[in-house]
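Presented below is the structure to which this report refers.
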Amino acid sequence: MEESESASDKPRPWQSYHTVYTNAKAGMDGVDKEKVQRVVYEMSKGSKYFENEERKEALIRQKIEHMRARAAKLSAADLSHYQKVADKRILELDSTRDLSRIWLHVDMDAFYAAVETLSNPSLKGKPMAVGSMSMISTANYEARKFGVRAAMPGFIARELCPDLIFVPTDFKKYTYYSDLTRKVFWDYDPNFMAASLDEAYLDITKVCEERSITGAEIAEELRSRVHEETGLTCSVGVAPNRLLAKVCSDINKPNGQFVLPNDRMAVMTFISSLPIRKIGGIGKVTENILKGVFGISTCEEMLQKGSFLCALFSHSSSDFFLSVGLGLGGTDTPEARFRKSISSERTFSATEDAALLYQKLADIAEMLSADMQKEGLSGRTLTLKLKTASFEVRTRAVTLQKYISSSDDIVKHASNLLKAELPISLRLIGLRVSHFNEDKGGVSGDPTQKTLTTFFKSVDASRRTGNDQRSLGSDLSDLHFISEKETAISLDNNETCHHEFGDPFERKHLSDMDDKNCISSINACEMEKIDELSSNKTAAMVNTADVKERTTKSPKRDLSRVSEDDSSVQREPEDSNPDRLNKEPSTSGNEEFFSLNQMEMLFWVDDYKCSLCGAELPSSFVEERQEHSDFHLAERLQEEESGTGLSSLIPRLRIVPEDCSGSQNRRKKHKSSPKQGMHLPIDSFFTKKSSGQ
DNA sequence: CTACACATT
DNA sequence: AAACAATGTGTAG
Ligand SMILES: Nc1ccn([C@H]2C[C@H](O)[C@@H](COP(=O)(O)OP(=O)(O)OP(=O)(O)O)O2)c(=O)n1
Ligand SMILES: [Mg+2]
């Protein structure tokens, strides 16, 4: 506020620092962005963190310059060619539009903060943030008025709002309330996809039909039911696909809803003036690049600049951008995917003491190994992640001949990787294991499928548009199946963080955009479905409706993890830990879902009784519930097994195909697959080569 | 495959 | 004083 200087000559260095904290977000209406910018800058400048941010920004600026130069070099002939390419792709994409489904996205308002206020009403009306001085998970709307928001360090937030009250995170609480909301969601779509503890996607097509009522009415009813059951408010978005529904739920947040009719014209009108940054998958960097290089700020401009996008970006990236311009998104259903990697990392005060670093490494290996054991995982690729004292991140990986999972094996190989980096001053060490064996995909026919998939790639790939992905399994009401993980961490005191897993919604792609290509993906998803397994045997039993065509969603598992770490704070019972670190309850529990879900759905009636066997377990017994669901899962798996022949299964089994290369999407772009050149050879040549010089 | 970058919660 | 953690995905080489 007051930057009282009227003088225009005064230097304002903070204006050059681009924080993400001033981006539009619900509750940021009357915020004095200039002040936030200045305070964040003042609190940041001179720090190692800040210097690294500046370095990264400089690289992005370079990237933009480079792309600009390439765009400027395109000849009239090139542009003419790409215009044709773009027009053709737009037509193809548009032909995949499916306006037959009605998707609803629910997003709880200031979730963690709202839950904390329920348990401590005295917080009502006061600016409050959930998290620590190091990191804030979220803030209530009173605090947001000051510019305080998720992902902001607490010490900076306090500067913006001196009276800010800090409340440590308590995942058990959030999981409990999340389960309550899911119970409501389940009534509208038993196959709903949970995107995180506080978000979910529901395909309400069927409910609307059966009850002959509109999406708006369902939204209204669902919101009031959620409020009745939990005392919490949420915001809803209803649209023809998930990508749009997600955007819509943010429009009238908090405690509001927005319905986008299943009408092509309505969609195009809506999407046209929409800032691209509102689309999931388009973050700070992508926004800057599209704006800086092509002057694109709104979705409709994606179509207008289609020729440039096709000329400078990879096929998948440009397809994604074009589909955004058309307002396309995922309308299909499920598929659950299994985790592809598991990792653990820790931040500590920077040190260059090799012995100390090796000790930290061993600690992390221990935690990771423990997490892997909980899920019976073992993998061949080990990746060491390092963050230097200057915040520079490095990764070093090795792919082994054999699968490893023991702490000793991990430490052994990780030490070799670290050794090559010494001497070095680090502030974080992390380890990730991927290339699993376990899950392997067993189940019927995977191998075959993969192969086939490969072939199809070009072909069918087709996709269906949109895609999102999702994840989650969905359902299950209670159990949180899905798992979301949230983690909180703590550093010194308690910091917390968290996060959940993903939601997969729409796109992913991204990547670095670099000059040539970048991003991509869009559709995708498809993939094989696992269904084989699950659906087969089990599915048969229950299925709710069965249908949706194929399997319906399967569950997904998820990942969750936890780590514990040093001490710190609380942790609850074990695995799930409390705040600080993350936690999530479940862990292995998730896996079950998928099967459970499909088949019968294990559900906690009245929130305490198992729908399958009547056993009573209050939702606060997170772990116990997991074990319980595991038990049922195991039952099902056995049944399945006998049928399919999987043999070892363990709890998690199912695996999905996954394969490394990405089957699903196909689009990965040329890169990996040599073959695909078919469709875009021309583009590729021009794009990369000729223009690039 | 490896390394890196981006995104999301 | 103080800037997380976990996962997925794309891409270049
Ligand atoms: N960087 C982030 C983003 C989110 N969260 C947590 C806290 C949120 O309560 C929860 C849900 O995320 P949302 O993005 O939906 O944010 P909120 O629900 O808090 O607020 P909103 O009202 O904007 O949805 O996830 C977090 O810990 N760190
Ligand atoms: Mg929310």
- Message: Going by average Cβ density within 10 Å per residue, which order do the peptides A:52-64, A:184-196 take, highest to lowest?
- Response: A:184-196, A:52-64
- Message: Only counting other Cβ atoms within 10 Å, I'd like A:409, A:353 sorted with the fewest neighbours first.
- Response: A:353, A:409
- Exposure proxy order (Cβ contacts within 10 Å, fewest to most) of A:364, A:136: A:364, A:136
- Between Rg and the Kirkwood Rh of the range A:44-185, both from Cα atoms, what is the Rg to Rh ratio? 1.19
- Query: Label points 7 Å out from Cα along the Cβ direction at residue A:53 and residue A:118: separation in nm?
  - Reply: 3.4 nm
- Can you give the Rg to Rh ratio of the range A:195-280, both from alpha-carbon atoms, with Rh computed by the Kirkwood formula? 0.97
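Which ordering of A:303, A:222 is given by a fewest-first count of other beta-carbon atoms within 10 Å?
On the way: A:303 20, A:222 24.
The most exposed by this proxy come first: A:303, A:222.
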- Amide H proximity to residue A:404 below 5 Å, modelled H, separation 5+ or other chain, gives A:379, A:380
- Task: Tabulate in residue order the Karplus-calculated ³J(HN,Hα) for the range A:60-67, using 6.51 cos²θ - 1.76 cosθ + 1.60 with θ = phi - 60°, rounded to whole Hz; enter x for Gly and Pro.
- Result: 5, 4, 5, 4, 5, 4, 4, 5
- Cα-based Rg (one decimal) and Dmax (whole number) for the range A:233-306, in Å? 13.1, 40
- Task: First measure r as the distance between the Cβ atoms of residue A:216 and residue A:304, then evaluate 1/(1 + (r/R0)^6) with R0 = 30 Å and state the FRET efficiency to the nearest 0.05.
- Result: 0.40
- Working out 0.36 nm times the residue gap between residue A:422 and residue A:95, then minus their Cα-Cα distance, what length gain in nm do you get to one decimal? 112.2 nm
- Query: With Cβ to Cβ distances under 10 Å as the rule, what net charge do the other residues near residue A:126 carry (K, R +1; D, E -1)?
  - Reply: -1
- Task: Scan around residue A:397 for amide H atoms under 5 Å from its own, H built in the peptide plane at 1.01 Å from N, and keep only partners 5 or more places away or cross-chain.
- Result: A:384
- Message: Loop-only trypsin sites (Lys or Arg not before Pro) in the range A:96-204, please: DSSP not H, G, I, E or B, and at most 16 other Cβ atoms within 10 Å.
- Response: A:124
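Here, each number is a calculation from the coordinates, and none is a lab measurement. From a predicted model like this one, the values you see are computed outputs, not experimental measurements. Cβ: placed from backbone, ideal geometry, glycine included. Neighbour counts: every protein chain shown.
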